[in-house]
Each structure stands twice: as structure tokens, then as C-alpha cells.
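K.L.:
My questions will all concern the structure given below.
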Amino acid sequence: MVSPVTVVKSEGPKLVPFFKATCVYFVLWLPSSSPSWVSALIKCLPIFCLWLFLLAHGLGFLLTHPSATRIFVGLVFSAIGDAFLIWQDQGYFVHGLLMFAVTHMLYASAFGMRPLALRTGLLMAVLSGLCYAFLYPNLTGAFTYLVGVYVALIGFMGWRAMAGLQLVGAAWRWTELAAGSGALLFIVSDLTIALDKFCFPVPYSRAFIMSTYYAAQMLIALSAVESREPVEDYRLSKAK
């Protein structure tokens, strides 16, 4: 088991650009009412830094660890989704929704299906159903179906992220804690978006959405470092 202190010492310096880019976003706080390519770049910059964070471990690391590669590609789709959402009031909200749906499928695939953790899956299914039931009366048109599919996908991603989480014992791994925490923060961020867009204005919604979103993406990227599926194990699992 790797000590959290060791993780901070080894991975912390590689995350410095991400923290700086996140500070730039919150300090500049460009108005969302005036979307531009500059505001899109500033919003996406922390995600670009997470690309660099994974690439800092070497291209060979990504090529030999399929789960890390999927998280990297998920970050690419996240950045595209962020850019679309800058212009959501101009009709690009659905485009951003679709990009993040792909992201959640990639993250779920990266987290894998072992262990199955059916109880965790059942709990996530119930919570996802309750969230959708709360949103449903306020959904119209295509959003009735699109939001339902999206809630199912992010719930599935959350299930897979938390399936291997064990807080005590020899099986404890900080990567599972990072993945599970990141997934929960992602769900909280997206639920806040849905409430603010479809139900009622959420106070300080943008600050809360973006802070939980950036933290979620950082933790998920961090979970890829000690990859849960080296290439040798990956080939063996495919052969079974």
C-alpha cells in the first residue's frame, strides 16, 4: 500500500500547473453572459493541464495501461464538452451533454467491472432513479430522454468508480479513494447544473459547479497513476 504522503510528494509537483490554471479561472471569472474563445480557453485550461499531468508519466505509461488511456481520452472529451457549454445559451447545451456522456462511458470502462459490487450498484441505481424522478416534472421535449440517459450513465460511472473502494484493511488503495471521491464530486457538480437549469436557481451555482467539477477531474486523473490494470493483466482478462 502506497502512503498518501508519498503520493503527495511524487504527484503534487506535476499537478502545480493544474492548480495555477484553476486559480486563473476563478480569479479572472469571465462573465458567462459574454461567451468567447478566450473564456472557453480559460475554462478548459485546467483540463489541458490534466492532459499534461498524465503525459508527464510518459507516453509509454498510457500505451501500456488501457485504463489510464481511457481516462486521458475522457479528459479530451471533457474539454470539448466544456467548450460547448460556454455557448450553451446559443443552443450547444446538448452537444456538451453528449460529450460528457462519452466521458462517463470512458471513465466507467477505465474503472472496470471487477469487483462487481452489486450492493453499491443497487444503491447507485436507486439514487439515480430518485434524482431523475425529481428532475422529470421539469423536463420537456428531448431533454426528458437525454437527461434520463445521462443520469443512468453517470450513475453507472459512479458505481464502477466506487465498486473497489475499501476504506480499511490491506486491500485499501488510494487510487480507489481518488476515483470514488472524484465520481461523487462529478455527480454533485452535474446534479447542481441540472437543478439550476431545469428546476430553480441555485445560489452561487457557477462557483460550486466549477469547484466540484475541477476537483472531480483532478481526482479521477490522479486515480489513473497507479493503474489498476497493467497491460499484462489486461490481456489475461481478455483471454478468459
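K.L.:
Leaving ligands and nucleic acids out of the surface, order His104, His65 by accessible area at 1.4 Å, largest first.
P.N.:
His65, His104
K.L.:
How would you order 78-88, 11-21 from highest to lowest mean count of nearby Cβ atoms within 10 Å?
P.N.:
So the order, starting with the most tightly packed, is 78-88, 11-21.
K.L.:
Find the Cα radius of gyration of the range 1-64, compare it with 2.2 N^0.38 Å by division, and give the number to two decimals.
P.N.:
In units of the 2.2 N^0.38 Å rule of thumb, it is 1.41.
K.L.:
Under the rule of -39500 (n - 2.57) per DSSP H run of 4 or more residues, summed and divided by the residues of the chain, what mean residue ellipticity at 222 nm is obtained, to the nearest 500 deg cm²/dmol?
P.N.:
Rounded to the nearest 500, the figure is -24000 deg cm²/dmol.
K.L.:
Could you give the semi-axes, largest first, of the ellipsoid that matches the range 4-227, computed as the square roots of 5 times the alpha carbon gyration tensor eigenvalues and rounded to whole Å?
P.N.:
Equivalent-ellipsoid dimensions as semi-axes: 27, 23, 15 Å.
K.L.:
Here is a follow-up. Tell me, what is the Rg over Rh of the range 159-224, with Rh the Kirkwood radius over Cα pairs?
P.N.:
Reported Rg/Rh, Kirkwood definition of Rh: 1.10.
K.L.:
Now for a different question. Over the chain, average the accessible area per residue using a 1.4 Å probe and give it in Å², no decimals.
P.N.:
That works out to 51 Å² per residue.
K.L.:
Something else: What residue among Ser78, Cys199, Ser10 has its Cα farthest toward the positive end of the dipole of the range 4-227, where the charges are +1 on Lys, Arg and -1 on Asp, Glu, each on the Cβ?
P.N.:
The one lying farthest along the dipole's positive direction is Ser10.
K.L.:
Carbon and sulfur: what percent of the range 27-80's accessible surface (1.4 Å probe)?
P.N.:
Carbon and sulfur together cover 79 percent of it.
K.L.:
Gaussian network model of the chain, Cα springs within a sub-10 Å range: biggest mean-square fluctuation belongs to which of Met162, Met113, Met210?
P.N.:
Comparing Met162, Met113, Met210 in the GNM, the peak value goes to Met113.
The values are calculated or read from the model by the stated rules, or taken from the named source; none is laboratory data. All of these numbers come straight from a predicted model, not from anything done at the bench. Glycine also receives a Cβ, built like all others from the backbone with ideal geometry; neighbour counts cover every protein chain displayed. We work out accessible area using only protein heavy atoms, side chains counted, and drop any ligands, DNA or RNA first. Shrake-Rupley method; radii C 1.70, N 1.55, O 1.52, S 1.80 Å.
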